[in-house]
Every structure is written in C-alpha cells, then in structure tokens.
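Values in this text are rule-based calculations from the coordinates and carry no lab data. Predicted, not measured: the structure shown is a model, and the values here were computed from it. Backbone-built Cβ (ideal geometry, glycine too); neighbour counts: all protein chains shown.
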C-alpha cells in the first residue's frame with residue numbers, strides 16, 4: 001500500500017488550480033504509483049473538472065463568496081475522506097482568507113478551518129523546508145499566527161509555548177522520524193531581552209515553559225535571540241525552531257526557502273501540507289506561476305504520511 005493523498009484546488013480565481021495540476025504531473029512522473037484524489041466542492045474531480053471550476057470563477061463580491069464556498073467545501077469533502085481512513089494526507093492549494101469569510105466561515109484561515117472540521121484540541125503551523133538555499137533544512141513553528149503584532153505579548157503565554165513545544169516534539173518524532181528532536185525557542189524581545197534590559201517576557205514566560213518542557217523529557221534550548229537562532233538551526237544545531245510570532249519566523253524562513261517552503265499543520269489525525277505562497281491573483285491564468293512549492297508540498301505530504309502510518313517508502 002502507498003500513501004493516499006487528497007488535493008484541494010483552493011481559490012479557483014488564483015494560481016492554486018494551475019500549480020496543483022502542474023505539480024501533480026511532475027510528481028506522477030517521479031512516482032507513477034502515486035495514489036491521489038482531486039477533491040472539489042461536490043466530490044472528486046478530474047483535471048477537466050478543475051478547469052471548469054476555474055472557468056466559472058468570477059471577480060467581485062459575488063465572486064468572492066463563491067470562491068470561498070468552493071475552497072471551503074472542497075476542504076470539507078477532503079477532510080471527510082481522510083477522517084474515514086480513505087486518505088493519509090491532505091494537500092491544499094491557497095485560498096483567499098477574505099473570500100472564506102465572505103462565504104460564511106468565520107476563521108482566519110485553513111489551519112483553523114481544519115482544526116474545527118477535525119475537532120482537534122490543538123494545532124500548530126509549522127513551516128518546513130527540507131531543501132533551502134543553504135542546503136540544510138529549516139523548520140519553524142509559529143507559536144502565534146495571524147494576529148496583530150500589538151496582541152502578541154499577551155498571547156504568548158507559558159501554557160501556549162509549552163503546548164506548542166509539545167506538539168512540535170511529537171510531530172518531529174512521529175512524522176519526521178527524529179528519535180530525540182533538538183528544539184530551539186526564539187525569544188520575543190531584542191537579544192532575548194539581554195537579561196531583562198529590553199523586557200521581562202523571556203524570564204517570566206519563556207523560561208518557565210522551557211523548564212516544563214524539559215521536565216517532560218524534551219530537548220529544548222532558549223530563549224535564544226532571533227538574530228542568531230535561525231542561523232544555528234541551519235547549521236544543524238536544532239531540528240526546529242519555535243518562533244513567538246508570525247513575521248519573526250516567516251522572514252527568516254522565506255529568506256532561505258522562498259518558493260520551496262511548505263506549510264504543515266501539526267496536531268491533525270492526518271498529514272496536511274500546503275505551499276507557502278498565496279493566491280497570486282495578479283498572475284493567475286498567465287502560465288507564469290511556479291509549481292515548485294506545491295510540488296514540495298506533495299513530496300513532503302507523501303514522505304510524512306509514509307512515516308506516520310508506517311507504509312511504503314515515499315519519494316523524497
């Protein structure tokens with residue numbers, strides 16, 4: 001048995017459908033036995049069905065709601081397939097968050113939608129690049145995701161950090177097959193507060209979270225300054241980094257992996273990956289979209305599902 005993957009097209013007005021079809025063509029060439037299902041809002045699709053979704057897509061407010069409906073319903077159908085055991089991994093093309101809300105889904109994005117559909121108690125947004133411009137892998141878990149920067153200090157609590165570190169440790173063991181992961185916790189303030197000179201969150205929040213994680217048997221170091229921790233991870237000192245807020249993690253991540261990174265949702269009962277880019281409406285339909293990140297999302301979903309479910313070796 002091979003890992004079974006279900007793929008959703010995302011917003012039909014964006015580049016998702018085209019990069020999905022192009023990436024699948026490449027990946028099937030690498031692995032002719034790939035088991036994949038394309039899923040639309042009403043059920044399974046073939047490539048022509050994907051193109052019909054694109055052809056019916058419209059701009060404007062009505063188009064926004066329709067596009068959000070297509071993207072969300074496709075994910076709902078794919079999750080149903082995975083939850084009943086007919087798929088091991090879900091790969092989602094990009095959707096437009098405002099369109100998702102226009103269609104009535106009051107969630108910030110796909111991560112939260114998937115959490116709610118699965119009834120998961122907790123999830124994490126892990127950005128993973130197994131190949132970077134510096135050759136070494138980089139994996140960054142965003143402890144907080146799409147919230148305003150001014151809300152971050154209150155959101156980054158000891159419980160949140162402990163929970164996210166635990167999720168990451170479990171994912172690295174189960175899905176990546178790393179027996180004893182080495183994790184770094186990135187600080188919040190400049191120079192990780194420099195012994196309290198630039199804030200007290202590292203002492204009051206981060207250090208107690210590290211103590212709790214170590215008491216649970218996890219290998220974690222920090223809080224470490226943002227200006228050095230990602231370089232150390234790329235040099236092999238850590239298997240992954242926990243970043244306290246979105247942009248400190250994403251700026252470092254995309255600098256070394258733009259176009260090849262993958263968004264992984266950890267904490268779900270199946271593997272979920274997505275390319276690390278958005279809908280790119282400005283180039284949709286122009287045959288200019290690079291399918292590399294979508295291809296990497298397929299490759300990583302296949303590899304992680306093979307490890308998690310202990311089935312046939314995946315293409316890497």
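Brief remarks follow.
- Amide N proximity, region 241-266 versus residue 149 label position 7 Å along Cα-to-Cβ, cut-off under 14 Å: 245-252
- Where both bridge residues fall in the chain, DSSP classifies roughly 45% of the beta bridges as antiparallel.
- With an a/c value under 1.5 for the gyration tensor axes a ≥ b ≥ c computed over the alpha-carbon atoms, region 83-163 is described as rounded.
- Gaussian network model of the chain, springs between alpha carbon atoms under 10 Å - residue of 43, 29, 259 with greatest fluctuation: 29
- Residues 50, 6, 211 in ascending order of nearby Cβ atoms (within 10 Å, fewest first): 211, 50, 6.
- Label-point separation in nm, residue 58 to residue 287, each point 7 Å along Cα→Cβ: 2.9 nm
- Seen against the Cα atoms of the chain and their longest principal axis, helix 292-308 is set at about 70 degrees.
- The angle between the Cα long axis of helix 158-174 and the main principal axis of the chain comes to about 60°, on a 0 to 90 degree scale.
- Anisotropy class of region 199-256 from Cα gyration tensor, a/c 1.5 cut: oblate
- Theoretical gain in end-to-end length, residue 84 to residue 121 [0.36 nm per residue, Cα-Cα removed]: 11.4 nm
- By the beta-carbon count within 10 Å of each Cβ, the least crowded to most crowded order of 69, 201, fewest first, is 69, 201.
- Label corresponding to P(r) over Cα pairs in 10 Å bins from 0, in percent when calculated from the structure given, among [x] 6, 28, 38, 23, 5, 0; [y] 5, 21, 23, 18, 14, 11, 6, 2, 1, 0; [z] 6, 28, 34, 22, 9, 1, 0: [z]
- Distance between the pseudo-spin-label points of residue 215 and residue 135 (7 Å out from Cα toward the beta carbon): 4.2 nm.
- The Cα atoms of region 179-316 give a gyration tensor whose axes a ≥ b ≥ c have a/c of 1.5 or more with a/b no greater than b/c, which makes the shape oblate.
- Region 86-169 - percent relative contact order, Cα under 8 Å, separation 6 or more: 18 percent
- Residue order, fewest to most beta carbons within 10 Å, for 127, 20, 218: 218, 127, 20
- Computed from the C-beta positions of residue 28 and residue 232 and an R0 of 35 Å, the FRET efficiency is 0.40 to the nearest 0.05.
- Helix 246-257 axis, angle to the chain major axis (alpha carbon atoms, nearest 10°): 70 degrees
- Value at 222 nm in deg cm²/dmol, rounded to 500, when DSSP H runs of n ≥ 4 in the chain each add -39,500 (n - 2.57): -13000 deg cm²/dmol
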